[in-house]
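Working notes, structure below.
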Amino acid sequence: MADTKPRRIVVAIDGPSGSGKSTIARRLADRLQFTYIDTGAMYRAVALWGVRQNVGADDMHRMEQLAIAAAIELAPGRISLNGEDVTDSIRTPDVSNGASRIAVIPGVRRAMVAKQREMGERTSVVMEGRDIGTVVFPNADVKVFLDANPQERVRRRLVELRAKGDKITEAELTAQMKERDQRDSTRVDAPLAQAPDAIYLDSTGMTIDEVEEALLKIIRHRVSNGKDFS
């Protein structure tokens with residue numbers, strides 16, 4: 001008897017901070033009726049728990065324990081940690097910076113990758129991060145490396161933070177993002193890198209609608225013109 005189970009599709013979007021990964025991944029998941037997995041939010045949730053437990057980002061053993069124990073649930077536009085909605089709490093610059101620091105801990109990454117793979121086994125997903133196409137899902141159906149020039153990335157993130165009432169200056173944010181880029185691209189375990197078979201897209205100067213349409217075209221081309229979408 002033929003297997004009639006719908007095929008699961010994995011769309012992996014990697015790129016640096018401020019490149020628009022989260023926004024575009026969320027929109028693509030909505031258009032395709034896939035599950036959106038915000039891997040950055042998962043690391044931020046663990047970082048937030050560390051802050052609350054007074055565990056320093058340099059305490060590798062304790063942070064690994066927290067990452068393993070963390071009960072993380074994702075819903076459209078929301079994330080919960082151990083049953084608590086922490087969607088807003090994880091979006092501060094301090095927590096984002098802490099997430100980048102704990103992301104270099106091999107044990108934390110192993111715990112997060114295991115959780116992400118488990119999510120990707122359940123249904124078709126759009127997953128964004130920094131090592132999705134290289135480490136988490138090296139056999140993803142579609143891989144995209146989304147980028148933008150540094151000035152554009154700072155501008156986008158500044159607009160996002162100002163809309164939430166954050167008073168960070170452009171100079172402070174530029175310094176933070178430069179430091180994060182350096183840390184993400186030089187870490188020993190799963191550094192930020194474009195997968196050899198990923199399609200590179202520079203979104204500088206593009207509207208979000210233009211980026212969305214460009215990626216939909218790529219996805220449909222890679223996945224039999226959309227015929228295999230579940």
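Expressed per residue, the C-alpha convex hull volume of the chain stands at 129 Å³. Close amide H pairs (under 5 Å, H built 1.01 Å from N) link I199 with K143, V144, F145, residues at least 5 positions away or on another chain. Remark: the stretch 2-120 carries 45 Å² of accessible area per residue (probe radius 1.4 Å; ligands, DNA and RNA excluded). Under 5 Å between amide hydrogens, built in the peptide plane, is the criterion, and for T35 it picks out S124, V125, V126 among residues at least 5 positions away or on other chains. Contact order, relative form, for the chain: 33 percent (alpha carbon pairs under 8 Å, 6 or more residues apart, mean separation divided by residue count).
Checking the a/c ratio against 1.5 first, then a/b against b/c, what shape does the Cα gyration tensor give for the stretch 9-94? Here the stretch 9-94 falls in the prolate category. Using the structure shown, select from K21/K178; K143/K164; K115/K143; K164/K217 the pairs with a Cα to Cα distance greater than 29 angstrom. Going by Cα-Cα distance, K143/K164; K164/K217 fall outside the 29 Å limit.
Here the chain has 50 percent of its accessible surface on carbon and sulfur atoms, given a 1.4 Å probe and all protein chains in place. Applying 1/(1 + (r/R0)^6) with r as the Cβ-Cβ distance of N139 and I68 and R0 = 22 angstrom yields a FRET efficiency of 0.35. Computed from backbone phi, the HN-Hα couplings of the stretch 201-218 come to 9, 8, 8, 4, x, 9, 7, 5, 5, 5, 5, 4, 5, 4, 6, 4, 4, 5 Hz, rounded to whole numbers (Karplus: 6.51 cos²θ - 1.76 cosθ + 1.60, θ = phi - 60°; Gly and Pro given as x).
For A148, the residues whose modelled amide H falls within less than 5 Å of its own, excluding neighbours fewer than 5 places apart on the same chain, are S203. Modelled spin-label separation between A163 and R110, with each label point placed 7 Å from Cα along the Cα-to-Cβ direction: 3.9 nm.
Potential lengthening of the chain between S80 and E170 amounts to 29.4 nm, from the contour at 0.36 nm per residue minus the alpha-carbon distance. Helical content of the chain, expressed as a calculated mean residue ellipticity at 222 nm, amounts to -15000 deg cm²/dmol (DSSP H runs of 4 or more residues, -39,500 (n - 2.57) each, divided by residue number, nearest 500).
The values are calculated or read from the model by the stated rules, or taken from the named source; none is laboratory data. This one's a predicted model, so the numbers in the text were calculated from it and none came from an experiment. Here Cβ is always computed from backbone atoms with ideal geometry, including for glycine, and neighbour counts include all displayed protein chains. Surface areas here come from the heavy atoms of the whole protein model, side chains and all, with no ligands, DNA or RNA. Shrake-Rupley method; radii C 1.70, N 1.55, O 1.52, S 1.80 Å.
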